[in-house]
1. Just to be sure before I move on: is B:L303 modelled with pLDDT of 95 or more, touching a helix residue (DSSP H, G or I) at 6+ places or on another chain (Cβ under 8 Å) and under 30 Å from A:A332 (Cα atoms) in the structure I sent?
2. Tell me yes or no: at least one residue of region B:157-170 is at pLDDT 95 or above, part of a strand (DSSP E or B) and within 30 Å of B:F320 (Cα to Cα).
3. If you take just the strands (runs of 3 or more DSSP E) that sit entirely in region A:60-127, which of them hold at least 1 residues that are of a type in the set (S, T, Y) and modelled with pLDDT of 80 or more?
4. So which strands (runs of 3 or more DSSP E) stay within region B:193-267 end to end and still have 1 or more residues that are within 13 Å of chain A (Cβ to nearest Cβ)?
5. Please give the number of the condition B:D307 fails out of (1) surrounded by 20 or more Cβ atoms within 10 Å (Cβ to Cβ); (2) in a loop (DSSP other than H, G, I, E, B).
6. Determine which member of the set A:R256, A:R268 is of a type in the set (K, R), in a strand (DSSP E or B), buried (at least 17 other Cβ atoms within 10 Å of the Cβ) and facing chain B (nearest Cβ under 10 Å).
7. Of A:G710, A:G702, A:G688, which residue is away from every other protein chain (no Cβ under 14 Å) and modelled with pLDDT under 75?
8. What number of residues within region A:157-188 are within 19 Å of A:F313 (Cα to Cα) and among the polar types (S, T, N, Q)?
Amino acid sequence: MILTLCFFQQVQGQYYILFTSSKDGKAIPDLSVHMTFLPVKAAPVYGFYITENNGMIQVPDSGNYLIQIHYPGFKTFQDTMHVNHTRPRPLSVRLKELEYDLGEAVITGEFEIKTRDQSLNKVRIIDRKRIEYQGAVNLKDLLSNELNIRLNTDPELGTGLSLQGISGQNIKILIDGVPVIGRTDGTIDLSQINLANIERVEIIEGPMSVMYGSDALGGVINLITKKGTSHTTEIGANSYVESNGTYNFDGRIGLRKKSAHLQVSGGRNFFEGRGIGEDIRSKTWKPRQQYFGDINAGFKYKNSLHRFQSSFFWEKLTNKSEPVFTPYAVYARDSYYYTQRISNGIFSDFRINSKSTFNSIINYSTYRRVKASYRKDLVRLSQVPINEIDAQDTAKFSLWLFRGIYTHRFNKKLSLQSGYDINLERGEGERLEGFKQEIEDYALFSSAEWSIGTRLTLKPGLRFIYNSRYGAPLVPAFNLKYDITSWFHVRASYARGFRAPSLKELSLFFVDVNHNIQGNTDLKAEQSDNFNVSFSMLGKWNGWSVKLEPSIFRNNLYDMINLAVVDPNQQLYKYINIESFSTQGTAINTEFRREGVSIAAGYAITGRYNPYASSHFVYSPEYRLNATYTIPRISVDVSVFYKFTGQTPGFAVDENQQVFQTMVQSYQTMDASASKSFWKRRITAVIGAKNLFNITNINYSGTAGGVHTGGASTLPINQGRTFFVNLRFNFIQMK
Amino acid sequence: MKRTALFLPVLALIFFAACEKEEKAYTLPAPGNAVVEQINMGSDYSKVIFYNLNDETFSIEELADWDLALESTTDGYRALINGGTGVQVAPMGDTSFNALYDIDNATWKWDPPSFLIDSTAIGEWSNNKFITTREVYLLDRSVNSSFEQYKKLQLLEVTDTYYLIRTASLDGSNDQVIRINKDPNVSYVYVHLENGPLAKYEPRKEEWDFMFTRYRYVYYDMTPIIPYEVNGVVLNAHNVSAAETRMAFDSITLEEAMKLNFTSRRDFIGFDWKYYDFDKEAYITDIGRVLLIRSHSGIYFKLRFIDFYDADGVKGAPTFEFQRL
């Protein structure tokens, strides 16, 4: 710790203290500082402060202060210092930055901001730099490189994912802790989660159901947005062009005055579509147009922070068919999918005292998806809406979220967190019984973090739920972290997860000439047990900081909901709790860092339960290698992102009750980029290439016969090799 | 900063201008001499359309108006069930109409898709001497029926001029005897178990060549066997036959047609003149398949299907062109 005493700035009884980073001397804004005034003949007086954008706090009295700071990325600071009002310059305190955890703060699932190493959960963090170096526009681009995450793309429904072998309907996607609503067939289309306003992404594997309730059975992906500038004025713009016909632009303006800030951002993404093979009019990768905007306004008031956030997203996905030629007409059947998401929320953080905080979220989100289909006359170039049941459809969902978390730190060893979580969901759609349905979910949850000795930390948790439509389970969780040494940690966890039946599964009513599919109001929630053990070893070797993290996991899912024939005479299909499923696997991640170089390599193998396999599990491996190197003389950051996805075997049963084997071929992808900043970092240019191995389709073998044949023997995975250029402009004016 | 920030809106304009490419228009060839006809079965295929090639007329009936079709010839006694609405029957091996029968013990049967009258689901419930077996049948009209799903059925009597059938609910209620008069001008007379006999359904034998209808096709080569409701074309049983070729439609002459093998199999045209294309997400008609039809009047026609959608893009509206040879 480097402590420099400077001059006081004496302004009528007010004294200033400046906090800076030891690495670059820059001021640290929004730093939480606990100051206990120690008068000579009186009781200590506690005060809590948050530094301004210039890194300063002001205190009313001169004298001795106990200063305590606990902030991610910095070594914990505690010292007693004398603040003397006769000095002209502010007292300067420098905080030492931690090498291993630079910028790797974790919010998701924590009582307060922590570093990744401090967290009891197994957390993966993807920061802004990685997002930019990878040229990732949306969450689909970003997660394509992650281990234990598989993406499955439907050119019309979009891209879903699986994590630890568990499908996307069991993965909760949050933005600043608020769930993203609007699942199509149970999954969120990752191409609709735009990263323009995202600061970092936190991924937690394994159930987070105590904290986040339903749909978090497999894990949670939390996107943390940019919260506003620390400068007086900031104007930024970002343009992105990719050779597959992508043209993106977004801009933002940020203003700050004292403790208040305002940020307005917005943009447009345009993808003209790409066809693989002979299709021309109909593209394998459908054209998309997206418009999005955010308003973020916040202020500090005494010991509280308040923020209003409003987000808007709109997308048009175009699905054109190939022309149908007849002797007297040429026409096509085109469908357009319009998606709109709006979210408005108020986020408040209250520091009640030095030991207690209260965080609350009030948020209202809406989702709307419209399908509009037309018969287009390709001779006259006119179109008419198709008047069929499936041709036009509108689905609407809305969610009121009320969430509050009270955290109390009894002492350094024991903290307690309790909260409430109220979700009021409403859905409308022609496929829902009565066309409208509602679900109300009320939950109380609590967890404690208890340090025993200097090495062991335990974190039990429990969630109680009342749900208006189904029987909700009691949800326990237990996390353990043991520090074998200061550089060798082990984590173990057990958690119960659950996924609530969706409105569709409860209330679907799809009965016509060809279909008799009905929901089931007696459904139970899907449940799972997750076991996770991981090790974390940090070290230094030859100037490198090295991290090694092996881990194993097992998920048991039961009461899984699926469609089944309940009455063959009536051909009646209903959703019932029918299946069980398991996944297990192991992974090892390594990181190597030194000045100007970082390398991350990993291997994972995941087994998925299959009753027809000899060992009841079918396994599929993955490898990953990411590397970034800064060429010193020209200050160019060169990055490579490589992932190998092993072949995925499987077994299925055809209509003749015969077991047959399926196999999805292995494939590899590699992206590369070079980044350089100009003009005092006002302009940053990134040029790169994606999918250097030019993978488009992969082979899928093993399809069943039936009345409707037509199973694909290839799966579209990627659009082929593309090149991109990204220009970022950042103008800052700071008074 | 002001000057340098000015170019940002210009850059934004460039990117916001990116848009979808304009569509190109196609040009059609000049029309030929064939008659182009479009009929509409409804997007739910609820209509049956009887077509007459000779005078280009057609009549429309409701598919769900009947449960049984009975041979209308003086010596006829066999019955067809309405497979298009999902009707199936199960013989009970018993003649006691008042007994209670359990549908769980029923072995359901279907008519052949070819409409072969000697292989029906009901089978030989009588013979050419009009001696009836009096066997009781259970009849299932499927869950989609707006009437009672399960009924009991028994042929009491058949003569050269009428049928007497008895029907009731499974619990014995709604017991009634229905008389259906034969009509020598048509091939079949039709009856609905609640609404009684239909005064008219199919046109006179000499006034139609084929019908568009929903009917049952059975995939006997699958395990288990799959009955499937299809929408297709069924020939008139009276004097109509057909053949097919893949020669160019415009080049087919009467001489070429006479060389082909004609069949009176009723489902020869069938339903596979169209197929569902998953890439185009639409039913595509096989315009290369040309049918030759010897109509009820003895005149030959060539015909092909060219579309399955109406001008509003709604399915169930077959378009076909035909020409007298």
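The values are calculated or read from the model by the stated rules, or taken from the named source; none is laboratory data. Bear in mind that the values here come from a model prediction, so they are computed numbers and not experimental data. Ideal geometry is used to build each Cβ from the backbone, glycine not excepted, and the neighbour counts take in all protein chains shown.
1. No.
2. no
3. Per the criteria, A:63-69, A:77-83, A:91-95.
4. In region B:193-267, the matching strands (runs of 3 or more DSSP E) lie at B:210-219, B:226-235.
5. Only one criterion is unmet by B:D307, namely (2).
6. Working: A:R256 fails: facing chain B (nearest Cβ under 10 Å).
After applying the criteria, what remains is A:R268.
7. After applying the criteria, what remains is A:G702.
8. 3
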